[in-house]
1. Hey, could you check the stretch 109-127 for residues that are out of contact with any helix residue (DSSP H, G or I) (no Cβ under 9 Å at 6 or more places or on another chain), part of a loop (DSSP other than H, G, I, E, B) and in contact (Cβ under 8 Å) with a residue 40 or more places away in the chain and say which is surrounded by the most Cβ atoms within 10 Å (Cβ to Cβ)?
2. In the stretch 27-68, what residues are farther than 14 Å from residue 117 by Cα and not in a loop (DSSP other than H, G, I, E, B)?
3. For the stretch 69-91, give me each residue that is in a loop (DSSP other than H, G, I, E, B) and either surrounded by 13 or more Cβ atoms within 10 Å (Cβ to Cβ) or in contact with a helix residue (DSSP H, G or I) (Cβ under 7 Å, 6 or more places away or on another chain) (or both).
4. Which is at pLDDT below 95, on the phi > 0 side of the Ramachandran plot and in contact with a strand residue (DSSP E or B) (Cβ under 9 Å, 6 or more places away or on another chain), of 104, 125, 145, 116?
5. Filter the stretch 136-154 for residues that are exposed (fewer than 14 other Cβ atoms within 10 Å of the Cβ), in a loop (DSSP other than H, G, I, E, B) and either without any contact (Cβ under 8 Å) to a residue 12 or more places away in the chain or touching a helix residue (DSSP H, G or I) at 6+ places or on another chain (Cβ under 8 Å) (or both) and give the result.
């Protein structure tokens, strides 16, 4: 009887691990909580540190997209990051300063009109900022500074797994 329980536990654990989704977390905010001002236009406007886990084995690259779905004129893109290596586990705070150290990694053009990270900066009220993470079966054939339309088109048919992390922010 004990052996059967042990086998069942191992089988259940295996099923959970097989169904694990790629995960994006941050040590500075949890899903649904407030983004600290340092990572916004009210602070230093630098990217927050991020941790990546449960990366599928057949992943060839990772992409991250940060958007505000509550923007007055529709979804606003704050960050497009692609061609991260599949073994990356950590993005440091102020990642724009370190991207040149990661071979092949590129950033797209955000809706502020610049390449790289643009922090939360809602004109009024509390907005949600969603960081989408994608495990891809290829490196994206995109130039540095690709726009959101080019990025989304390049993702089609290449997403192995995806997940998201959401933070909220309202201006001081």
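1. 118
2. Correct list: 34, 37, 51, 52, 53, 61, 62.
3. Residues satisfying the conditions are 70, 71, 85, 86, 88.
4. 104
5. The answer is 141, and nothing else.
The values are calculated or read from the model by the stated rules, or taken from the named source; none is laboratory data. Treat the numbers as computed from the prediction; the structure is a model and nothing was measured. Don't worry about glycine lacking a Cβ; one is built from the backbone with ideal geometry, like all the others, and counts go over all protein chains shown.
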